[in-house]
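Written below as structure tokens is the structure these notes are about.
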Amino acid sequence: MYSSILSERPRTLSKLLCSFILARDMGGGPRTFPGGVNKWKWKRMHEKRARDKERRLLEQEKQIYQARIRSHIRAELAGKPDPGSTSYGLLSPEEHIKALANRFKKEGAEDLWNINDGSLKSPPPCFRELPGTNRSSRRPGSIGPPVDLRKLIPEGRHLVSNNGIGNLTDTNGNYVQTRNYSVRSQRKFECYNNSSAEDVSNSSLKGNSASSTIRNLVTNPRNMSSTSVDDYINNKNVMPKREQKFWRSESESEWDVEGEIGNYSRGCRLNFAGEEASGNGEDLRIGRDVRKMGSSAALGEYDVKSKGRMLPKAYDEVNDLSEQVELIRDQLSVGKPAQNEEQKTKGEMMLSQRRFDECGISPLTVKALSLAGYIHMSRVQEASLSVCLEGKDALLKAKTGTGKSVAFLLPAIETVLKAMYSNTNRQVPPIFVLILCPTRELASQIAAEAKVLLKYHDGIGVQTLVGGTRFKVDQNCLESDPSQIIVATPGRLLDHIENKSGISLRLMSLQMLVLDEADHLLDLGFRKDVEKIVDCLPRQRQSLLYSATIPKEVRRISQLVLKREHTYIDTVGFGCVETPTKIKQSFLIAPHEWHFQIVHHILKEHILQARDYKVIVFCVTGMLTSFMYQLLREMKMNVREIHSRKPQLYRTRISDEFRESKQLILVSSDVSARGMNYPDVTLVIQVGIPCDREQYIHRLGRTGREGKEGEGILLIAPWEEYFLDEIKDLPLERFSLPDIDPQTKLKIEDSIAKIGSDVKERVYHAWLGYYNSIREIGRDKTTLAQLADKFSKSIGLQTPPALFRKTALKMGLRDIPGIKIRR
Ligand SMILES: Nc1ncnc2c1ncn2[C@@H]1O[C@H](COP(=O)(O)OP(=O)(O)OP(=O)(O)O)[C@@H](O)[C@H]1O
């Protein structure tokens, strides 16, 4: 019965024929679109819908922050504990407000600016009038840096709450217009800064920052009535009304890049996730690896872009906010050393005291956990389980290798159990839980882990839907053995949805959606697919977003998936190091032509030191991965390769082999960067800069898992040094360059010479594509061409190979000196 419902066959012969032709041409099954619209129209329609939705959600997010502040103040007034606080290391309201203040007051917060907040070119008049600002030092057309609230309040000026009336006034009865335009950002923080101003007058911390003052406001609620807070937040008189739009202007480089991604996103997503066989896709992985927007890293001498948003130096000197923020942080941490110490030591321990049999999950799951050797919960599991079991939406951040997979699998299983017993009369076999993740290997890993936990649950199944396998096989599986839990990569799932394989109907029963590596899935390369999938899911569901890194952009857009009143669980801790403390991190800076020799040297040394060595060498592209693999193999090392240019069967075999083995080196592209749990990796080497800070953290996190020790080395060229700025808060040590024995040097040169020139050409093309996609580098094409020239020599090419005209055009490299075009 199920199979007939699931298949949803096209009714007419012509539809059938059409589907067949499409399936043959695209290799991924029939693609038909409802209403007879063509693919592009369908795509555009969805994109527009997604854009509208995003705009709406951004508006909602602004309101949420305002509401959050209001509710904290109200809770304090009522003398009740804040409902959002738990004992699981979540941010307390106070910490949350502090975090928000820091986030928006901090230098670098300029990327939170959006055009709704007014033009950068003309700061509002009140800003120009601010005491302590040096007008003459400001560059015309630029917005000033954050302003110290102390400077906004002249000596002797006291802000009082106009009780009952509900607005804040100064001693003269005027509205207080303390504004922090430094925020250059959302209006949501206006209330914040205004509250701060009020508190400045009332607190003994006179002259302190927004964060301290808000803290005091919360702790001294008598200073402001709840109505006054509301009114104050909403009062249009308090802040000047400016044009309301959302998102950045198209002239911003962010959109330039997104435009590029628009063209390449699918290819890139496919390449990264390996969703489809990709031709030259990965070589030119432009979209997926595009750098995070709003990065504050500078490219030193390569930074040629002069942006209006750069802070004028002279003005910086007048108002160096970073120092103030540090000061505030120090002040706030005074009196809480015990807590900080406790937090630090806790961070190093993976397991908590709590046992799985105490947390109210099914005894059959507990039995399976015990069999797998899991008795105590990890800290992240302890922190999240109760929230998830209550059915709340959650966004969770926890360091790599701390047990996030089990943390979402346990509530997922409970959800299935509950749903199975609540309603047994269904027309189609339901899917209760959908887990999305970015790569095929990760999907298989999660499914395998789920099967371990489901060992004693007869009747609950898990199925993976990932690219690289035959579509028809997936379909047969979906029909013959329908599972309640689906683990999928977005591309393949979307293919099933669009092909009407019946999965949409089954997804109508969905109770829980999980996004593992959520920040990556909401990144530009995947976001559109994820949005389309989410559009097909019931609104009444629980959503869980997990990752080791949650950049602020992701928090902002997480509500594409999450409910407004979701819980944010951060087990890393605000201001704490985001990488596991037991990983020794270092970096080396050397010209490209030395990289292969250095990698070989590091590996040799490591093998001598660690008997059971297990190393991952990350390269920036699949082609470079292949090149490095061939080279190390020539050098007689025990090495394997994995990247999206390899067939899926091969990838699975290598992944399994590496998981089980010791004394093995895996050369990998970013397909192994996230989520892969290879036990006991002793060293991670990253050759070349990762696409962003987050990727650095995830790649590094393949070692030092479960609280074990590990080592990470980043090897970069001198011109890539700017990236260190992005990870300057992480504990990296600089290594001096090793002495390479001349004989080894010769051997390596010989080995490079043995690699075919066609391979080298493709390595060059891929390299160019990767770095062209990195904003800081890709925007100066002439320099990029020069760097690529140097790189080509390092891989043994005499001259840089030519590009196809079309490729050069797409990459913006036509007519660039040093770039050859194929005739
Ligand atoms: N409660 C537990 N007790 C013991 N080991 C555990 C427990 N929970 C998870 N683990 C183990 O910890 C390891 C890391 O888990 P997992 O892969 O889920 O980490 P993660 O936080 O998802 O990492 P990443 O951020 O890299 O994806 C796995 O080997 C897993 O088996």
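Any read-out appearing in this document is the output of simple, stated calculations on the displayed coordinates, not a laboratory observation. All values reported here derive from a predicted model rather than from experimental measurement. Neighbour counts are summed over all protein chains in view; Cβ atoms, including those assigned to glycine, are modelled from backbone coordinates with ideal geometry.
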*Would you mind pulling out the separation of the Cα centroids of the range 477-493 and the range 431-464, in Å?*
10
*With the Cα gyration tensor of the range 692-823 giving a ≥ b ≥ c as the square roots of its eigenvalues, does the rule (a/c under 1.5 for rounded; else a/b larger than b/c for prolate; else oblate) give rounded, prolate or oblate?*
oblate
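Once you order the gyration tensor axes a ≥ b ≥ c over the Cα atoms, which shape class does the range 387-445 get: rounded for a/c under 1.5, otherwise prolate or oblate by comparing a/b with b/c? Could the numbers behind the result be given before it?
Details: a/c = 2.83, a/b = 1.57, b/c = 1.81.
It is oblate, given that a/c is not under 1.5 and a/b is not larger than b/c.
Using R₀ = 25 Å, calculate the FRET efficiency as 1/(1 + (r/R₀)^6) where r is the Cβ-Cβ separation of R470 and C536; round to 0.05.
On the way: r = 23 Å, r/R0 = 0.91.
Plugging the Cβ-Cβ distance into 1/(1 + (r/R0)^6) gives 0.65.
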*Quick one: compute the contact order of the range 731-799, relative version, from alpha carbon pairs under 8 angstrom and 6+ residues apart, as a percent.*
29
*Spin-label pair R426/Q663, simplified geometry with 7 Å Cα→Cβ offset, distance in nm*: 5.0
